[in-house]
Amino acid sequence: MLTERGREALMTSDILRTTNYPDGGEAVLEAFRNIGIDYIISSPGSEWPSLWEALARQKRNETDGPIYLDCGHEILAVTMAAAYTQITGRIQVVVLHAGAGLLQGAMAINACRAMEIPMLIMSGEALGFGETSFDPGSQWYRNLSVVGGNQRLAEPITKWAQQVPNSATLYQSVVRAAELAQRQPKGPTYLCVSMETLLEDWKNPPHRTAVAASPKVQPLEADIESVAKLIVEAKSPIIYVENLGAHNEAFEALQELAIGAGIPVVEGQGAFFGNFPKSNPLYAGQDVRPFLDEIDLCLLVECRAPWYPPSNTPKGATVVSVAENSLKNHMVYQTMYADRYLEGDVASILKLLSQSVQRAGLQTRAKEQRTRLWADRHRSNLEVLAAAEAEAEQSEIISVPALAKAMRECLPQESAYVDETIMHSNALRAHLNWRDPQTFFRAPSGLGQGVGYALGVKLALRERFVVFLVGDGTFMYNPIIPALAFAEEHKLPVLVIVLNNSKYSAMQYFHDRFYPSGVSMMDQSYFGVNITGSKYEEAANLVDGYSKRVLVTSELRDALLEAKRYVLGGKCAVLNIEMPELGSAQTLR
């Protein structure tokens with residue numbers, strides 16, 4: 001309920017409210033400042049005037065604080081915040097509208113839970129429905145309110161969801177929600193705040209300081225030493241890494257361990273990042289299956305689902321899981337067959353393992369033999385990829401090897417690639433190169449999130465040239481129009497490349513697999529497969545960007561160079577690349 005002071009302030013001048021009336025909006029913004037939020041990313045609704053007023057006071061008073069970003073779609077807001085947090089390591093806030101906005105963003109919020117990305121989600125409600133002196137608008141009575149509160153909608157897709165009852169507990173509730181999001185297992189938390197609470201007087205609490213960072217933990221020294229002993233004694237060890245993250249510290253620590261012990265590194269099919277430099281001779285590709293029979297020790301580094309089927313394990317090998325949180329409570333079924341666990345800050349664990357291995361006296365000859373063996377395999381793999389690219393270049397039918405080679409030669413060397421393809425994904429991973437942890441990103445699971453994730457990468461890495469690679473079917477799942485409008489407004493230009501095979505190839509693949517002698521396959525009569533006629537490139541015209549349909553391989557370079565010119569000049573570009581022979585069953589595993 002509004003106090004008498006609140007009602008008077010609502011009717012008095014802007015000046016009085018700006019300078020003398022801290023309310024729930026100020027409590028929320030002050031909490032954001034002390035948490036260390038960089039951006040409030042919002043697809044907003046009518047419950048947030050109190051926050052906007054606090055932001056206006058922040059601007060007038062030139063107070064340091066988070067930047068507010070409006071965007072036209074909830075999935076954009078959540079995925080931008082997700083990418084930004086994964087790169088910077090800093091939690092961000094997403095502000096949505098009531099239960100409706102929460103539901104619209106639910107897929108992306110659930111993906112953040114699965115990827116263990118800390119995030120604070122907030123939306124509002126109204127409680128009085130016009131029966132008090134405060135009138136929130138009849139839409140809250142008719143349409144927007146949720147039985148039991150918005151938190152009921154958030155509970156299945158967040159780590160923790162709660163309603164804030166009044167302004168007295170609002171500041172600390174926001175702080176606590178952010179702290180909970182950053183504790184293991186990390187993930188999004190949610191707060192529902194009523195408009196009445198946001199408009200209540202707020203008495204500044206006496207102790208308001210920067211919120212302490214989450215502590216880093218590491219295993220006991222004896223546990224580190226026991227795993228180091230396994231490494232020293234292993235004849236054929238391997239490192240299997242999936243999601244080390246976009247941070248240089250862990251990326252470099254993994255290299256130190258692999259090089260120091262002569263251990264090859266395989267990246268998992270479910271990797272959301274480039275975890276190990278492809279130029280390193282110990283890089284062993286992205287498929288562990290050919291090596292299962294020779295492994296005697298497997299270090300799973302942030303690898304939640306290493307084997308498929310889950311029982312297809314390296315027989316007789318010792319398996320060690322190294323992760324912040326090995327066992328994922330969001331997964332319906334998970335088994336790694338791990339014999340040991342090292343849990344905590346992964347960069348610290350990898351460094352401690354390297355030091356312990358060196359102290360334990362790894363045999364130089366064994367290390368050098370392994371390194372030579374894997375260097376030969378690495379060289380052979382590079383030759384196969386180069387031969388595929390050379391052959392593809394000679395054909396006018398565009399393929400992934402030809403596209404990857406053209407991108408490598410035409411686009412900036414330090415480009416960041418965000419992949420949201422399905423049938424082309426394995427080939428792209430094979431042919432794209434990365435030397436650091438901020439070159440390759442896989443969009444979160446749940447199609448339609450890639451363009452927002454790409455904008456989040458650009459927001460965090462403004463100096464990087466960002467490329468969003470997407471299939472034609474997935475392109476239509478993405479909120480492209482609000483994304484391009486946001487990119488134009490906030491000077492976040494990206495290059496969108498649509499790999500267009502005119503079908504939902506994954507649907508055809510599984511149909512043919514389940515019904516190999518079926519009528520659809522015999523008659524080539526498919527439902528839910530074919531896509532025809534869309535001129536995806538013309539989306540760029542909405543923001544005066546560069547648009548081009550590319551039909552043959554010989555047109556690739558000129559199109560990429562012109563797209564680069566536009567993007568470096570601050571405009572988005574969309575290339576529609578026709579790839580008619582791609583999307584076969586062989587590209588999906």
State all residues of the stretch 369-395 that are open to solvent by 90 Å² or more (accessible area, probe 1.4 Å) and of a type in the set (Asp, Glu); if no residue qualifies, say none.
-> GLU383, GLU391
What are the residues in the stretch 416-444 that are of a type in the set (Asp, Glu) and open to solvent by less than 10 Å² (accessible area, probe 1.4 Å), if any?
-> ASP419, GLU420
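With the structure loaded, tell me whether VAL567 is in contact (Cβ under 8 Å) with a residue 12 or more places away in the chain, closer than 20 Å to ARG408 by Cα and crowded, with 19+ Cβ neighbours inside 10 Å or whether it fails that test. Break it down stepwise before answering.
On the way: in contact (Cβ under 8 Å) with a residue 12 or more places away in the chain: yes; closer than 20 Å to ARG408 by Cα: yes; crowded, with 19+ Cβ neighbours inside 10 Å: yes.
Yes.
Each row is one residue, and each column tells you yes or no for (1) modelled with pLDDT under 95; (2) closer than 30 Å to ALA106 by Cβ.
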site	(1), (2)
TRP160	no, yes
GLN163	no, yes
ALA168	yes, no
GLU179	no, yes
LEU198	no, yes
ALA212	yes, no
LYS216	yes, no
GLU221	no, no
VAL227	no, no
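Could you go through the stretch 342-361 and let me know if any residue there is in a helix (DSSP H, G or I) and more than 30 Å from GLN184 (Cβ to Cβ).
First, the residues of the stretch 342-361 that are in a helix (DSSP H, G or I): 346-360.
Narrowing further to those that are more than 30 Å from GLN184 (Cβ to Cβ): none.
For the stretch 342-361, residues in a helix (DSSP H, G or I) and more than 30 Å from GLN184 (Cβ to Cβ): absent.
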Among (1) exposed (fewer than 15 other Cβ atoms within 10 Å of the Cβ); (2) modelled with pLDDT of 95 or more, LEU492 falls short only on (1)
Kindly indicate which of TYR504, TYR526, TYR453 is open to solvent by less than 20 Å² (accessible area, probe 1.4 Å) and assigned by the TED database to the domain that holds ALA559.
-> TYR453
Can you tell me which residue in the stretch 419-458 is farthest from VAL94 (Cα to Cα), limited to those that are of a type in the set (D, E, K, R) and part of a helix (DSSP H, G or I)?
-> ARG429
Hey, which of the strands (runs of 3 or more DSSP E) in the stretch 157-261, taking only ones fully inside, have at least 3 residues that are in contact (Cβ under 8 Å) with a residue 60 or more places away in the chain and of a type in the set (A, V, I, L, M, F, W, C)?
-> 188-194, 237-241
Subset of the stretch 89-113 that is of a type in the set (Gly, Ala, Ser) and in a loop (DSSP other than H, G, I, E, B) - its residue that is surrounded by the most Cβ atoms within 10 Å (Cβ to Cβ) | GLY105
Is it fair to say LEU447 is farther than 22 Å from VAL467 by Cα, open to solvent by 20 Å² or more (accessible area, probe 1.4 Å), at pLDDT 95 or above and within 31 Å of the chain's Cα centre (by Cα)?
-> no
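Can you tell me which of GLU116, GLU131, GLU125 is out of contact with any Leu (no Cβ under 7 Å at 6 or more places or on another chain), touching a residue at least 24 places away in the same chain (Cβ under 8 Å) and open to solvent by 20 Å² or more (accessible area, probe 1.4 Å)? Before you say what the answer is, go through the steps one by one.
Numbers: GLU131 fails: touching a residue at least 24 places away in the same chain (Cβ under 8 Å); GLU125 fails: open to solvent by 20 Å² or more (accessible area, probe 1.4 Å).
Among GLU116, GLU131, GLU125, only GLU116 is out of contact with any Leu (no Cβ under 7 Å at 6 or more places or on another chain), touching a residue at least 24 places away in the same chain (Cβ under 8 Å) and open to solvent by 20 Å² or more (accessible area, probe 1.4 Å).
In this structure, is GLY72 open to solvent by 20 Å² or more (accessible area, probe 1.4 Å), touching a residue at least 12 places away in the same chain (Cβ under 8 Å) and either assigned to a helix (DSSP H, G or I) or over 18 Å from ALA177 (Cβ atoms) (or both)? Before you say what the answer is, go through the steps one by one.
Values: open to solvent by 20 Å² or more (accessible area, probe 1.4 Å): yes; touching a residue at least 12 places away in the same chain (Cβ under 8 Å): yes; either assigned to a helix (DSSP H, G or I) or over 18 Å from ALA177 (Cβ atoms) (or both): yes.
Judged against the criteria, GLY72 is a match.
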Within the stretch 272-302, track down each residue that is without any contact (Cβ under 8 Å) to a residue 40 or more places away in the chain and among the aromatic types (Phe, Trp, Tyr).
-> PHE276
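The values are calculated or read from the model by the stated rules, or taken from the named source; none is laboratory data. Just so it is clear, the model here is predicted, and its values are computed rather than measured. Positions of Cβ are backbone-derived with ideal geometry, glycine not excepted, and every protein chain shown enters the neighbour counts. When the accessible area is computed, the model is the full protein with side chains, heavy atoms only, and any ligands, DNA or RNA have been set aside. Shrake-Rupley method; radii C 1.70, N 1.55, O 1.52, S 1.80 Å.
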